[in-house]
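To start, the structure under review is shown below, and the notes come after it.
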Amino acid sequence: MKDERIIKELFNRSEDVLKVLKEKYEKPCMNIAMKLVSKEDAEECVNDTFLAVWNQIPPNKPDPLCAYIFRITKNLALKKYHTNTAKKRNNYYDLVLDELAMCIPDKANVESEILAKELEKYINSFIESLADIDRVIFVKRYYFLKEIPEIAMETGRSKNYVTVHLHRLRTRLKKYLSEKGWIL
């Protein structure tokens, strides 16, 4: 079933559409969640994702649906991850997120939701301006939280190439945001 039809069925409150959602999106949602949490926690996040979709559509009418579902899954998995590691530090995912910390303003500096949306717009604009390979590397690392050897294998590049490009991309992002008036 196409996404437009799924959204229409959600607006009609057809419970059968939940089975379709599960068939179509359960596996990719599990893959996203399992990058951050255990299998059991990932299953919980995926179930909570489908509940959130049911509760949020209507009134929301996302386009595209898959990005909407994947974002919910990622946010729920991140929340679960932060809950699980609240007192534990120095693991792999903290290192990945810390790499971006010097490029993105601290939450305390972002005074309102409007500024956060504006920052999101600038980051998306930066990502769109990248060459294809740079965009793929950046998104795989900082959106899907993939390890450098995995990115190297998937892109057919060396680990050194990926590492150097990630460093250059972070530097470019920092410069880009500075030019747009973001104090880092």
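Any read-out appearing in this document is the output of simple, stated calculations on the displayed coordinates, not a laboratory observation. Keep in mind that what you see is a predicted model, and the values were worked out from it rather than measured. Using ideal geometry, Cβ is built from the backbone for each residue, glycine included, and neighbour counts are taken over all protein chains shown.
Taking the Cβ of Ser178 as the centre, find all other residues whose Cβ is under 13 Å away and add up their charges (Lys, Arg: +1; Asp, Glu: -1).
Cβ neighbours under 13 Å give a net charge of +4.
Rounded if a/c is under 1.5, else prolate if a/b is larger than b/c, else oblate: which is the chain, with a ≥ b ≥ c the root eigenvalues of its Cα gyration tensor?
Prolate.
Grab the beta carbon distance between Asn75 and Ile133, set R0 = 30 Å, and tell me the FRET efficiency rounded to 0.05.
Calculated value: 0.65.
With a ≥ b ≥ c the root eigenvalues of the C-alpha gyration tensor of segment 3-84, is it rounded (a/c under 1.5), prolate (a/b larger than b/c) or oblate?
Taking the square roots of the gyration eigenvalues as a ≥ b ≥ c, segment 3-84 is prolate.
List the relative contact order of segment 3-84 as a percent without decimals, with contacts defined as Cα pairs under 8 Å and 6+ residues apart.
39 percent.
Which whole-number percent gives the relative contact order of the chain, counting Cα pairs below 8 Å spaced six or more residues apart?
20 percent
Would you tally the net charge around Glu147, using a Cβ to Cβ cut-off of less than 10 Å, leaving Glu147 out, and scoring K and R as +1, D and E as -1?
With Lys, Arg at +1 and Asp, Glu at -1, the neighbours total +4.
Which whole-Hz ³J(HN,Hα) couplings does segment 65-79 yield from phi under the Karplus relation 6.51 cos²θ - 1.76 cosθ + 1.60, θ = phi - 60°, glycine and proline marked x?
So the Karplus estimates, Gly and Pro as x, are 5, 4, 4, 4, 5, 5, 5, 4, 4, 4, 5, 5, 5, 5, 4 Hz.
Given the Cα-Cα distance of Ser125 and Lys19 and 0.36 nm per residue of separation, how much length would full extension add, in nm?
Difference between extended and current length: 34.6 nm.
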